[in-house]
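See below for the structure under consideration.
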Amino acid sequence: MLPASAREQVSIALRIIDSLDAQSAPITRELRLYARRQAGCRALMKHYGIGELTAVTILAELGDARRFSSSRHAVRYAGLAIVDEVSKATPTEALVPMARSRRWVLVGDELPLPPFVDTGLIDEGILEGHGLERSDLEETLFTQLGGTLPKDRDRVLSMQHRMLRPIGELISECFYRGRGGLEHARPATSDLQSLREAFLSPVTWYSTTRLPGQREKRVGATYWNESELRLVRRLLDTLQRRAVANDESLDVAVISGYGEQARRVRRDLRPHDPKWTHLTLDVHAVDSFQGQERDVVICSVTRSNADNDLGFLRSERRVNVALSRAKDSLIIVGDPRFCRRAREGDNPFALVLEHVERFDGCTLVEPRQ
């Protein structure tokens, strides 16, 4: 069977079809007939127990059914390609499924991080030689088409289904306010008892301002933070105990904007240690976590210095990704005094902190040493 996250994404994409104009019904009939005729679609439906429309969607993105043992024929041109997370794709990546299809549905969000670009292409000499700027490499087909398509071909999906309402309201208020905000399908509190016992609210900021070792330490071109490392470990030990007591299994990610912090957290926690009996743990740098989600996300801010320099955490897109991955519990660990004062250039954390201090479902905690 397909993973639950993949089934949910396909389901959301298919709901877009239902909201299209009068053409949607004929397209749906055509796709169902196509799935019944095409050997690759029949193989997918037989092996994975999925429906006709889902089979066509998957095959349109795969572009080739030969990897399935019971199919001998590949689809050359599919009727419809639904390209999810298209804002993460470079134009050439997006064009691969689109070129093999006659109709397209592109689903994405242009506010998170741009597509990954190989460092070799960022060389100033290469860019200058081709008449390009760095910003050109971050341009996607999604953003290009978004400004040129007819109004009836551009739809906004404002209902978010991932995050509890307090988490979703923070993301909406801090990052999507200029776009009309988000609506929220989930309730204000989690069904997971262990989270309600471990944390004071769905959004909790744990302050390191008064803890020893709260200042960042530099290692080469990156940073780590000792007090945040210790506090993350304490929070996860507490969560493990509550999960055991309630016999609940939780998917947990610890993320940081800095690779050195992620490496040290990973080394300290040892995510695959058998002692984490009820937690499935992983540790990521923010840039590698886009498009993922977990029950609990612990975001280690890492930066805290006398110069009030946030570094690349000034990027609203990066902070958006860091804070919008949590489904039931978002935990921010960092120095709020520093985050409030870091005013040079953009400072998305100042707005996040203001929201945490003002709104229900959010709590700022000053831990004891």
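Annotations for the structure displayed:
- Rg to Rh quotient for the range 166-241, alpha carbon positions, Kirkwood Rh: 1.08
- Label-point gap, in nm, between L95 and L157 - each point 7 angstrom along Cα→Cβ: 2.5 nm
- Computed with a 1.4 Å probe over protein heavy atoms only, the accessible area of K275 comes to about 90 Å².
- Cα-only radius of gyration and Dmax that characterise the range 239-307, units Å: 13.2, 46
- Alpha carbon convex hull of the range 330-369, projected area averaged over orientations, nm²: 3.3 nm²
- Extension gain, E357 back to R37 (0.36 nm per residue minus Cα-Cα distance, nm): 109.4 nm
- Solvent-accessible area of W224, all protein chains in place: 40 Å² (probe radius 1.4 Å, heavy atoms, ligands and nucleic acids excluded).
- Separation of the R218 and R177 label points, Cα + 7 Å toward Cβ, nm: 3.3 nm
- Judged by the mean number of other Cβ atoms found within 10 Å, the most tightly packed of the peptides 254-263, 183-192 leads the ranking 254-263, 183-192.
- HN-Hα J in Hz across the range 315-332 - Karplus 6.51, -1.76, 1.60, θ = phi - 60°, x for Gly and Pro: 5, 4, 5, 5, 5, 4, 4, 4, 9, 9, 9, 8, 8, 10, 8, 10, 10, 10
- Once the chain from A185 to N305 is taken as fully extended at 0.36 nm per residue, the excess over their C-alpha distance is 39.3 nm.
- In the assembled protein chains, R103 presents an accessible area of approximately 90 Å² (probe radius 1.4 Å).
- For the range 176-312, the Kirkwood radius over C-alpha pairs fed into Stokes-Einstein at 4 °C and 1.567 mPa s yields D = 79 µm² per second.
The values are calculated or read from the model by the stated rules, or taken from the named source; none is laboratory data. Not measured: the values here are computed from a predicted model. Cβ: placed from backbone, ideal geometry, glycine included. Neighbour counts: every protein chain shown. Surface accessibility is based on the protein's heavy atoms, side chains included, excluding ligands, DNA and RNA. Shrake-Rupley method; radii C 1.70, N 1.55, O 1.52, S 1.80 Å.
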